[in-house]
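Have a look at the structure below before the remarks.
Read-outs: derived from the displayed coordinates by stated rules, not from any lab. This is a predicted model, so every value here is computed, not measured.
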Amino acid sequence: MSEPEAQAEISGGAPGGQDQPPRQEPPRGKKPGSSRGIAIGIIGGIVIAGIAAGVVVPRIAGDKPAAAVGEESTLEVLAPGEINAALPTLDPATSKAAVDDAKNCKVPLAWVTLTQRVGGNGGMVRIRSGQYTSPPIKLTPVPQRVAVPYPAPYPTGRGVLTLIGEADKVGFYLTPGGVHDVNGAYSVNVHWQVRNPCP
């Protein structure tokens, strides 16, 4: 090989005969910038996992009984003009003081709606509201409005209602309400707006 050919081979054919380091080829199966793509993929996976955890974890916690964790339902006031119609749903022995207070505009009564959804089994429940426990209530597909005293002193604005019995697909409607299986007891946190009982 002649000297000019050897120089051309060493210089890699660079113009002007300047020496340049030989160009390195990426290993087979790897493309330039692929490590950057891996890093972006890992970061994207972490971000998606964080978003998923933010959505899923609160839902898991929300599946616990409402008395332990969850959104409170609103307990509505029984209007003074509806007290007499609601008397048959109350236990006369233990609700007399609450009924008298409601009629005298001291502390109102509250109400809930109960029903049994299609395919439900069982059929008798009671409502515990503070120290008061309702008489047994026969569940039917027709919604029943049931009066109860407030489960805590009225000025506190919060308490817990508990369904007691053995029944499934029980429609227990407050605001919001829902359909629940009652296996012994099912509790719901409630709140109410404290206001003048007789506006």
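Observations
- Backbone HN-Hα couplings from phi across the range 136-148 [Karplus 6.51/-1.76/1.60, Hz, Gly and Pro as x]: x, 10, 7, 6, 9, x, 7, x, 10, 8, 10, 8, 9
- Length-normalised contact order of the range 73-191 in % [C-alpha pairs under 8 Å, at least 6 apart]: 30
- Across the range 73-191, the fraction of Cα-Cα pairs farther apart than 23 Å, rounded to a whole number, is 23%.
- Potential lengthening of the chain between I83 and E166 amounts to 27.0 nm, from the contour at 0.36 nm per residue minus the alpha-carbon distance.
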